[in-house]
Amino acid sequence: MTQTKAGPDIVAGRLPEDVYAENFSDLHPLLESHEAQVEADRCYFCYDAPCMQACPTSIDIPQFIRQISTGNPTGSAKTIFDQNILGGMCARVCPTETLCEQVCVREVAEGKPVKIGQLQRYATDHYMAENDTTPFTRGAATGKKVAVIGAGPAGLSCAHRLAVHGHDVSLFDAREKAGGLNEFGIASYKSVDNFAAREVEFILSIGGIELKTGMRLGENLELSELRASYDAVFLGIGLGGVNSLGVEGEDKSGSMDAVSYIADLRQAKDLSKLPVGRRVVVIGGGMTAVDIAVQTKLLGAEDVTIAYRRGQDRMNASEYEQHLAQTTGVKIMTWAQPKALVGANGAIAGIELERTQDQDGSFSGTGETITLPADMVFKAVGQTLVQTDLGGSLTLEKGRIVVGDDRQTSLADVWAGGDCIFGGEDLTVTAVEDGKIAAESINAALSA
Amino acid sequence: MADLRTDFIGIKSPNPFWLASAPPTDKEYNVVRAFKAGWGGVVWKTLGEDPAVVNVNGPRYGAIHGKDRQLIGLNNIELITDRPLEVNLREIKQVKRDWPDRALVVSLMVPCEEQNWINILKQVEDTGADGVELNFGCPHGMSERGMGSAVGQVPEYIEMVTRWVKQHSRMPCIVKLTPNITDVRKPAQAAKAGGADAVSLINTINSIMGVDLDVMSPAPTVDGKGAHGGYCGPAVKPIALNMVAEIARDPSTHGLPISGIGGVTTWRDAAEFMALGAGSVQVCTAAMTYGFKVVEDMIDGLSDWMDQKGYTSVDQFVGNAVPNVSDWQYLNLNYIAKAKIDQDLCIQCGRCHIACEDTSHQAITNMVNGERRFEVIDEECVGCNLCVNVCPVEDCITMEAMTPGSIDPRTKKTVEKDYANWTTHPNNPMAVTEAAE
């Protein structure tokens, strides 16, 4: 192992001041009007369109694109918001390359799908710039009260739809700010200019939603009490826990949790004040792994490696995200799993990795090891539901909440959605759909 | 390389591509640039009498665009030349002297009095120009003063003025026709009766390009008001082709030389006009959109196509499509075609299905055995071609003729080998039946 410095090299301000803004600027800037027209013209307005089938929120994509094409971006945004009130964020963060754009007939025909995500952003940004509130009108007050726990994509979607139906919603969030992963988790170059907070404000403008921050289930909120004082409860609590690597040395300084570092990064007023290692190793293969790797690289880390225990084709991060990492200068090392974090004086100096193999479907370590020097090692190997918060009253499977098609849990007055439910896809857009479905189900139950 | 030289009513040019009488041919500077670029000839922008007309000082043009601002149709409210007659005549003389191998025709428009025509013809003859084109087509401005299309819409006037021109001038005379009439054969017949050597068509079409919904005024808008202009460009080509064909196949005008005009943008457009009987073509919008360089590919492309087809001179294919321009009543009703979808090329957009399902014959599936799949239902397909037209993939859907002797699954009848048309069809009350015994 080469030691270039006595202690770990973790400092802030690795880059000239002006480079931060450039590095963390919009990944896909808003399309100009003419670009949007030309792109919209590429849409074939398919019958029973495959893109629409692939959208977890079933947005009528050909319709909204046609509305852009006809010079009706406001109508286009309404078409989007009708199915997905977080259409603005989804336009930015959806892995469209594995959803709508993957099945676009032009992807099939020529490998060049219509830029559905960017067109969606064009329409929703237009609407949000021109209008103070959502295109929905709040229905007559029903007098029913619903508690929505978690102001992330699922909770926001659910709260909005409930408010539309005239119910009074208390929207609780553990953090000091609403938005959930949109505010604290999404890579910052996907959501610039404080978009997550602006979208929250947009959604809450429907009225009838009271936001209560700093309220954490299991601390100052109890599910049993909420059930007693509200007509229904929706849980959109996400995954509060982080999986550990389970290897020696994980307690050393420089061993970091990707999720909380990203949250710090997202909330940082000045990125040049955020310390980052010279050499960074990320353990994991999902979106979070790519997000932390790319962002540390953009913060000025010299050498960033994602170590993943299987082949690149098995990574949960989409091919597009993998390419984004690689073109940013991140190395992706496959078939390697962490064995130990090594170092002296309570700080890590490197990570020992073991080569792995998959022989006839049987995964194992080969015994061969390699040590990479590292000032920071990030774990991005998945998150877990903090079950103790739920008071043991809900049916779980594989550590997540079991729900039915209508997102109702094993408790008749409790619904759930987003990352915390079993069988979900851990995507913003599926969380939005969960919230919407649950709200409709809650409304039906309360109207009965 | 095929020989593109053209002899159109005795006016020779190195190729059949002429610039139409329009802004690009308003002065020596432009015309010389055009000749340098390779254009075979020009029709000089219409001369009138002094004092020269004036133009509006606001927009003269309006356009229809595709999504990427491709110019599909253009209209204008510009009048004939607004330069003094003497200046134009001097420049015409100079250009003809400097470019003797190019066609130089002069467009004319003066009031319908014999003496006015005598006067201007004399002056044009002195320039050495190859011929004159009578502008009986401009639909805006000049028509309000009894000229342009106001003349072209009255066959008697066309015949009268044409006769004067032939009587008082030795120059070949082309009569330029307006499409703003119901039957283009009538003015063509009148031109021929008056002694015209040729007709050229189409001039521009009366049009409003759009409405500015903020000021509630037609476009182009001049200080809050708009007047109809003349429409041209790629969008008018189908209308022009039909009018050219009507004249080419009408027994009374068949053989009358035609200079084809209307949306010619490529060599193929030109070849199509020529196949329908045009001995030369005139171009304006393509040049006004892209500059004079477009002629290079017109020359090259036409020549290459002629080589491929084995034509060595343009007269070998001029008019070759005319015999196949028919009337509906003579189309073969025993010809039966069915659409066929190439599943390897199909990208499953479903447009063929929805077009057929919503608006036509319910003859294309959208699901087969629970799978998204678009197949023609031969039992329902009438062979209308709509699916071919709406399909975004070239050659994915084709119309295939049924073999005589086979059974049409739609009608359950045998496909007949012999030609039969409406004139003898039993459903036709006017059918020509065999003489009674």
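The values are calculated or read from the model by the stated rules, or taken from the named source; none is laboratory data. Not measured: the values here are computed from a predicted model. Cβ: placed from backbone, ideal geometry, glycine included. Neighbour counts: every protein chain shown. The area values use the complete protein model at the heavy-atom level, side chains included, leaving out ligands, DNA and RNA. Shrake-Rupley method; radii C 1.70, N 1.55, O 1.52, S 1.80 Å.
Structure notes:
- Scanning the stretch A:41-84 for residues that are in contact with a Leu (Cβ under 8 Å, 6 or more places away or on another chain), open to solvent by 10 Å² or more (accessible area, probe 1.4 Å) and more than 14 Å from every other protein chain (Cβ to nearest Cβ) returns A:CYS55, A:PRO56.
- Among the residues listed as A:ARG92, A:ARG14, the single one being closer than 27 Å to A:LYS297 by Cα, at pLDDT 95 or above and over 22 Å from the mean Cα position of the chain (by Cα): A:ARG14
- Scanning the stretch A:157-170 for residues that are in contact (Cβ under 8 Å) with a residue 60 or more places away in the chain and over 17 Å from A:LEU86 (Cβ atoms) gives A:HIS165, A:HIS167, A:SER170.
- One residue from B:ILE347, B:ILE354 being open to solvent by less than 70 Å² (accessible area, probe 1.4 Å), part of a helix (DSSP H, G or I) and more than 30 Å from B:GLY255 (Cβ to Cβ): B:ILE354
- Remark: B:ALA286 falls outside the filter, which requires a residue to be part of a helix (DSSP H, G or I) and within 14 Å of chain A (Cβ to nearest Cβ).
- Residue check for B:VAL124: in a strand (DSSP E or B) and β-branched (Val, Ile, Thr): no
- Among the candidates A:VAL200, A:VAL192, residue that is within 23 Å of A:ASP264 (Cβ to Cβ) and either of a type in the set (Gly, Ala, Ser) or surrounded by fewer than 22 Cβ atoms within 10 Å (Cβ to Cβ) (or both): A:VAL192
- Residue within the stretch B:303-316 that is within 14 Å of another protein chain (Cβ to nearest Cβ) and part of a helix (DSSP H, G or I) present: no
- Of everything listed in (1) free of Cβ contacts under 8 Å to residues at least 24 places away in the same chain; (2) surrounded by 14 or more Cβ atoms within 10 Å (Cβ to Cβ); (3) assigned by TED's automatic domain parsing to the domain that holds A:SER224, the single unmet condition for A:GLU354 is (3).
Here's the yes/no breakdown for (1) of a type in the set (D, E, K, R); (2) within 28 Å of B:ARG5 (Cα to Cα):
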| residue | (1), (2) |
| --- | --- |
| B:SER200 | no, yes |
| B:ASP223 | yes, no |
| B:ALA235 | no, no |
| B:ALA240 | no, yes |
| B:ILE258 | no, yes |
| B:ALA278 | no, yes |
| B:LYS293 | yes, yes |
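- Of the helices (runs of 4 or more DSSP H) contained entirely in the stretch B:128-213, those carrying at least 3 residues that are open to solvent by 10 Å² or more (accessible area, probe 1.4 Å) and more than 23 Å from B:ALA248 (Cα to Cα) fall at B:155-168.
- Scanning the stretch A:1-40 for residues that are exposed (fewer than 12 other Cβ atoms within 10 Å of the Cβ) and in contact with a helix residue (DSSP H, G or I) (Cβ under 7 Å, 6 or more places away or on another chain) gives a single hit, A:GLU17.
- Condition met for B:ALA191 (within 22 Å of B:ASN206 (Cβ to Cβ) and among the aliphatic types (A, V, I, L, M)): yes
- Filtered residues of the stretch A:85-126 (kept if among the hydroxyl-bearing types (Ser, Thr, Tyr) and open to solvent by 50 Å² or more (accessible area, probe 1.4 Å)): A:THR98
- Looking only at the stretch A:17-40, and only at residues there that are in contact with a Phe, Trp or Tyr (Cβ under 6 Å, 6 or more places away or on another chain) and outside any helix (DSSP H, G or I), the one that is nearest to the other protein chains (Cβ to nearest Cβ): A:LEU31
- If you check A:ALA147, A:ALA129, A:ALA141, A:ALA154 for being in contact (Cβ under 8 Å) with a residue 12 or more places away in the chain, at negative phi and open to solvent by 40 Å² or more (accessible area, probe 1.4 Å), only one passes: A:ALA141.
- Qualifying residues in the stretch B:374-408 (those that are within 12 Å of chain A (Cβ to nearest Cβ) and in a loop (DSSP other than H, G, I, E, B)) - the one surrounded by the fewest Cβ atoms within 10 Å (Cβ to Cβ): B:GLU394
- Qualifying residue in the stretch A:434-443 (condition: in a loop (DSSP other than H, G, I, E, B) and in contact with a Ser or Thr (Cβ under 7 Å, 6 or more places away or on another chain)): no
- Within the stretch A:410-435, the set of residues being surrounded by fewer than 24 Cβ atoms within 10 Å (Cβ to Cβ) and either touching a residue at least 40 places away in the same chain (Cβ under 8 Å) or within 26 Å of A:THR96 (Cα to Cα) (or both) comprises A:LEU411, A:ASP413, A:PHE422, A:GLY423, A:GLY424, A:GLU425, A:ASP426, A:LEU427, A:THR430.
- Residue pairs whose Cβ atoms lie under 8 Å apart, sitting 6 or more positions apart in sequence or on different chains, and linking a residue in the stretch B:378-399 that is more than 13 Å from B:CYS349 (Cβ to Cβ) to a partner that is polar (S, T, N, Q) and assigned to a helix (DSSP H, G or I), are B:LEU386/B:THR359.
- Filtered by the rule that a residue be more than 23 Å from the chain's Cα centre (by Cα) and within 16 Å of A:LEU298 (Cβ to Cβ), the stretch A:245-275 gives A:SER272, A:LYS273, A:PRO275.
Each row is one residue, and each column tells you yes or no for (1) open to solvent by less than 30 Å² (accessible area, probe 1.4 Å); (2) among the basic types (Lys, Arg); (3) in a helix (DSSP H, G or I).
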| residue | (1), (2), (3) |
| --- | --- |
| A:ASP264 | no, no, yes |
| A:THR288 | no, no, yes |
| A:ALA293 | yes, no, yes |
| A:ARG310 | no, yes, no |
